[in-house]
Amino acid sequence: MSQQGDVKLYQTDDDGDITVVNGVVEMSGGLETAAYLSLFGGNEDDDGRADNPKEWWGNLIEDEPTREYTSETQNLLTSLPATSGNLVRLEQAVKRDLAWMVSESVASNIAVSVSIPALNKVDIVVGVEALGEEFTFKFTENWRAAV
């Protein structure tokens, strides 16, 4: 059996996971995996500062700065308290983590909304317009800052 696309990643209570059915990994043909990795694929201790020694190891071998993972979103979810006042900061981080999609012409527009659906949870909804098609991805994540 030939599989195409990227391995489909989804968020669980203890980070990312994949689905395997009858020994075959579920794949995704869209941009969902790229968005997931942009938000949650780096080092959660990497706050995006250029001089941060806790930068994700994969960035050290990447020649193209637009392909580096900062995952500022992931960092904020472990460093900021889960309050409605921090939703704006989180939304801005999501936009920065996904900005490469527009700068690299993978997408023409990115729309983001974040909300707190339950105690210590955050819903991140990402709308991506690419080649005239619209895609929507929803990630529900634990907001686990120990502040």
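Figure legend. Inter-residue proximity from the range 92-120: first residues on the phi > 0 side of the Ramachandran plot, second residues in a helix (DSSP H, G or I) and surrounded by 15 or more Cβ atoms within 10 Å (Cβ to Cβ), beta-carbon distance below 8 Å, spacing 6+ or different chains. No pairs are indicated.
Report, by residue number, each residue of the range 117-129 that is more than 13 Å from residue 35 (Cα to Cα) and of a type in the set (Gly, Ala, Ser). Within the range 117-129, 118 is the sole residue that qualifies. For the range 55-68, the tally of residues that are in contact (Cβ under 8 Å) with a residue 24 or more places away in the chain and over 28 Å from residue 130 (Cα atoms) stands at 0.
Pairing each residue of the range 69-87 that is over 12 Å from residue 42 (Cα atoms) with any residue that is among the small types (Gly, Ala, Ser) and part of a helix (DSSP H, G or I), provided the two are 6+ apart or on different chains, yields C-beta distances under 7 Å for 76/93. Of all the residues in the range 76-132, those that are closer than 23 Å to residue 64 by Cβ, in contact with a helix residue (DSSP H, G or I) (Cβ under 9 Å, 6 or more places away or on another chain) and not in a helix (DSSP H, G or I) number 9.
Tally up the residues in the range 69-97 that are under 23 Å from residue 133 (Cα atoms) and buried (at least 22 other Cβ atoms within 10 Å of the Cβ), please.
Of the range 69-97, the ones under 23 Å from residue 133 (Cα atoms) are 91, 94-97.
After this cut, where a residue has to be buried (at least 22 other Cβ atoms within 10 Å of the Cβ) as well, the list is 94, 97.
Here the count works out to 2.
Here is a check on your reading of the model: is residue 107 surrounded by 20 or more Cβ atoms within 10 Å (Cβ to Cβ) and under 19 Å from residue 16 (Cβ atoms)? No. Which residues, counting only those in the range 21-47, are at pLDDT 85 or above and in a loop (DSSP other than H, G, I, E, B)? Result: 22, 23, 31. Of everything in the range 62-75 that is among the charged types (D, E, K, R) and part of a loop (DSSP other than H, G, I, E, B), the residue that is farthest from residue 35 (Cα to Cα) is 63.
The values are calculated or read from the model by the stated rules, or taken from the named source; none is laboratory data. Model, not experiment: these values are computed from the prediction. Ideal geometry is used to build each Cβ from the backbone, glycine not excepted, and the neighbour counts take in all protein chains shown.
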